[in-house]
Amino acid sequence: MADLDGRVAVVTGGAKGIGAGISECLAEQGATVVVADIDGAAAEEHAAALPGRSLAVATDVSKADSVAALAKAVADELGTVDILVNNAGVGPIPTPVQDMGEDEWDRVMDINARGVFLCSRAFVPSVIESDHGRIINISSIVGQTGFALVIQYVASKFAVTGMTQSLAKELAPHGVTVNSIHPGILETELHGGVVKLFSAIQGQSEEATWDWFRAEIPLGRFQTPRDCGEMAAFLASDRAHNLTGAAFNVDGGWEMH
Ligand SMILES: NC(=O)c1ccc[n+]([C@@H]2O[C@H](COP(=O)([O-])OP(=O)(O)OC[C@H]3O[C@@H](n4cnc5c(N)ncnc54)[C@H](O)[C@@H]3O)[C@@H](O)[C@H]2O)c1
């Protein structure tokens, strides 16, 4: 019997990048996975490729009505949700704070922070009903330490870390665990976009910027979506039943706390 047989998991931003790796690892452990992503076509394609039962729902996590429609679709189709993975996120446009527009602040905070609040609010009643309730939030190495020129992104990821700790305390009496995963550097669309913008600011090639990021990682290699997926599958399992409110770095040693 696999670790997650009979469990239902919702993975936001589950169609591509880290979310795709997480949905794969959960499905391989027997979970029925809901791929909830703003890119509905990519969600359909990825859900169809997963082993076992799956569902794709086009969702914008920053919009309350879209998240409510997701929760209803999942309840109608699959019943109680055991595992919520708040992964959907966008990267920042690196900008000195004195030049940063409110639109850029709102764009990043609405998806990365508000999205976690809206999805948690929508799914907590169901997750509480589960005997194996889990919430897993995807923060970042910059959810615990600062980084120049991306104040909006760092603020959004610290918010995710704070929501994780607060919900861990709030939901512990219901037997629900809440933890955060802090990925390092992955060669996803999101980080590729950030590298392109940083390279332009620094007047260097994208290859030089990727090399700079790699040099900061003690293990000397980038993380993969499945590195994060394996951690999510463990946190979702009964083996992690006594872990809550904790931050797990999946970063090759970039941050050591
Ligand atoms: N790539 C990295 O190096 C890195 C490092 C640390 C943390 N993270 C975090 O990991 C998460 C995933 O990042 P990634 O690198 O896989 O990004 P990605 O761009 O490869 O994938 C993000 C997914 O989220 C979806 N998405 C975007 N906006 C959405 C919205 N409003 N509603 C629903 N879905 C939406 C996209 O369609 C896409 O499928 C993000 O929260 C990101 O901040 C990434």
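The values are calculated or read from the model by the stated rules, or taken from the named source; none is laboratory data. This is a predicted model, so every value here is computed, not measured. Counting neighbours? That spans all protein chains shown, and the Cβs are built from the backbone with ideal geometry, glycine included. With ligands, DNA and RNA removed, areas are computed over all heavy atoms of the protein, side chains included. Shrake-Rupley method; radii C 1.70, N 1.55, O 1.52, S 1.80 Å.
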Near pairs, Cβ below 8 angstrom, 6+ apart or cross-chain, from the stretch 203-219 (free of Cβ contacts under 8 Å to residues at least 60 places away in the same chain and charged (D, E, K, R)) to any residue that is in a loop (DSSP other than H, G, I, E, B) and open to solvent by 60 Å² or more (accessible area, probe 1.4 Å)
Arg214/Arg221
When you look at Ala172, is it more than 15 Å from the chain's Cα centre (by Cα), in a helix (DSSP H, G or I), touching a residue at least 24 places away in the same chain (Cβ under 8 Å) and farther than 30 Å from Asp99 by Cα, yes or no?
yes
Would you pick out the residues in the stretch 27-40 that are of a type in the set (A, V, I, L, M), within 15 Å of the ligand (Cβ to nearest atom) and closer than 13 Å to Val85 by Cα?
Val33, Val34, Val35, Ala36
Just one of the numbered conditions (1) over 22 Å from Asp238 (Cβ atoms); (2) open to solvent by less than 30 Å² (accessible area, probe 1.4 Å); (3) out of contact with any Cys (no Cβ under 8 Å at 6 or more places or on another chain) is not true of Pro183; which one?
(3)
Please verify whether Glu104 is within 28 Å of Asp251 (Cα to Cα) and of a type in the set (Asp, Glu), treating the condition exactly as stated.
yes
Here, helices (runs of 4 or more DSSP H) confined to the stretch 1-112 with at least 2 residues that are touching an Asp or Glu at 6+ places or on another chain (Cβ under 8 Å) and within 30 Å of Gly146 (Cα to Cα) are 17-28
Pairs returned, first residue in the stretch 23-38 that is closer than 13 Å to Phe234 by Cβ and in the same structural domain as Val57 (by TED's automatic domain parsing), second residue that is away from the ligand (no atom under 16 Å from the Cβ) and acidic (Asp, Glu), beta-carbon separation under 7 angstrom, 6 or more apart or interchain, are Gln29/Asp3
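In the stretch 96-105, is there at least one residue being closer than 25 Å to Asp227 by Cα and more than 9 Å from the ligand (Cβ to nearest atom)? Full working, then the answer.
In the first step, residues of the stretch 96-105 are kept if they are closer than 25 Å to Asp227 by Cα; the result is none.
No, there is no match, as no residue in the stretch 96-105 is closer than 25 Å to Asp227 by Cα and more than 9 Å from the ligand (Cβ to nearest atom).
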